[in-house]
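Just below is one structure, and these are the notes that go with it.
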Amino acid sequence: MELHFEELLGKITDFIKSEANTDTVVGEQFELGEFKCVPVIKVGMGFGSGGGEGTEAKTKKGQGMGAGAGVGIEPIGFLVTKGEEISFLEAGKTHGLAAAFEKVPDLIEKIAKYRAKEEAVV
């Protein structure tokens, strides 16, 4: 068995090039009224490999190898343009009134804990 690490690495990087892009993760650029929106992603990757060969009692020879790769792809937002203006809109972040409503349960819990502490002191 011959070790072809360079060939394997080439195939892995070709796969990542074809799959780790905004078109396959969140879609293509689109227009919304006067706005043009371009999806933005974050890609992280790691590679590992190992191999070895050896002989035993002058008659047996062996080789072994292993390789692995991992890819994490996450949509992080959109570049939004209108005329000459460009801004970045984060994905998963709420703004304004929606953000305030998301914090209400935490606020109620904090008030309840504060009142419980006050009652314990009195």
Filtering the range 55-77 down to residues that are among the hydroxyl-bearing types (Ser, Thr, Tyr) and not in a loop (DSSP other than H, G, I, E, B) yields 55
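Of all residues being more than 30 Å from residue 84 (Cα to Cα) and β-branched (Val, Ile, Thr) in the range 41-59, which is modelled with the lowest pLDDT? Just the residue, please.
First pass over the range 41-59, keeping only residues more than 30 Å from residue 84 (Cα to Cα): 44-59.
Narrowing the set further to residues that are β-branched (Val, Ile, Thr) leaves 55, 59.
On the way: 55: 81, 59: 75.
So the residue we want is 59.
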Given the conditions (1) modelled with pLDDT of 80 or more; (2) part of a helix (DSSP H, G or I), every one holds for residue 100 apart from (1)
Residues of the range 6-40 being modelled with pLDDT of 70 or more and of a type in the set (A, V, I, L, M, F, W, C), in sequence order, are 8, 9, 12, 15, 16, 20, 30, 32, 35, 37, 38, 40
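The values are calculated or read from the model by the stated rules, or taken from the named source; none is laboratory data. What you see is a predicted model; the values in this text were computed from it and never measured.
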